[in-house]
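What follows is one structure encoded as structure tokens, with my remarks underneath.
The values are calculated or read from the model by the stated rules, or taken from the named source; none is laboratory data. Here the structure is a predicted model, which means the values were calculated and not measured. Every residue, glycine among them, receives a Cβ derived from its backbone with ideal geometry; neighbour counts consider all protein chains shown. When the accessible area is computed, the model is the full protein with side chains, heavy atoms only, and any ligands, DNA or RNA have been set aside. Shrake-Rupley method; radii C 1.70, N 1.55, O 1.52, S 1.80 Å.
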Amino acid sequence: MFSTAYLAGLGAGAGLIIAIGAQNAFVLRQGLQRNHVGAVVLVCILADICLILLGVTGMGLAVQQHPGLLQWLRYAGAMFLTAYAVLALWRAWRGESGLQPVSDGAGSRRRVVLACLGFTLLNPHVYLDTVVLLGSLSTQYGGDGRWAFAAGASTASVLWFLSLGYGARVLLPVFRSPVAWRVFDVAVAAFMLALAALLLVQRVG
């Protein structure tokens, strides 16, 4: 039972986490820049594990019972994504040399961590997917099986963010070119604006 629940959690967690999202795009960019990658990966992993545990312990029902909070997060998330999209377009327009890969010591760790928290926690769907959905799926397993499910989902998060953050450097030869960074930032801006629009037109909860 333990291994079955663990593998089920691993598969469910991977299916939700690996889906393309604003958080993943942010982690990829930080990985390409080699800018506080460890801090970003750690924040994403810890946030995911906390949300998974909240779901397994039954907090999913509480999330569903407070649709007003999810609606507030919907608007806050849309504004956050729009602001980040504008910054990405500004970077693409200026073609700053600072977009070249940098060392881990460059930039503000606090600013990077706050941005990472914004991408992670200002998305109402993260609560519906991680807390509500994974929490509901975990109820199929009794006793220790629920914790095995949570362990599997958490493992998926750890593997994914480590691979995304540190594996991004494989693409560094491509991003030695300022043109590649401009294209990347334009694509990120378009993606963020599309996500912001979806948050505004689609109700959650």
Original post:
If we count every other residue with Cβ under 14 angstrom of VAL183's Cβ, Lys/Arg +1 and Asp/Glu -1, where does the sum land?
Top reply: +3
Original post:
Which of the helices in the chain, when you take each full DSSP H run, stretch at least 30 Å along the axis at their Cα atoms and have an average Kyte-Doolittle score of 1.0 or higher?
Top reply: 178-201
**OP:** Give me the accessible area per residue for region 108-195, probe 1.4 Å, as a whole number in Å².
**Re:** 48
**OP:** Go from 0 up to the bin containing the longest alpha carbon distance in region 110-201, width 5 Å each, and give me the % of pairs per bin.
**Re:** 3, 10, 11, 17, 19, 16, 11, 7, 4, 2, 1
Subject >> SER3 - accessible surface, heavy atoms, 1.4 Å probe, Å² rounded to 10 >> reply: 70
Subject >> Structure-based [θ]222 nm, the chain - -39500 (n - 2.57) summed over DSSP H runs of at least 4, per residue, nearest 500 >> reply: -24000 deg cm²/dmol
**OP:** Could you tell me what percent of the accessible area of the chain is made up of carbon and sulfur, with a 1.4 Å probe and every protein chain present?
**Re:** 70
Subject >> Per-residue SASA entry for VAL112, accessible area with 1.4 Å probe, Å² rounded to 10 >> reply: 10
Original post:
Rg and Dmax of the chain over Cα atoms: what are they, in angstrom?
Top reply: 17.8, 56
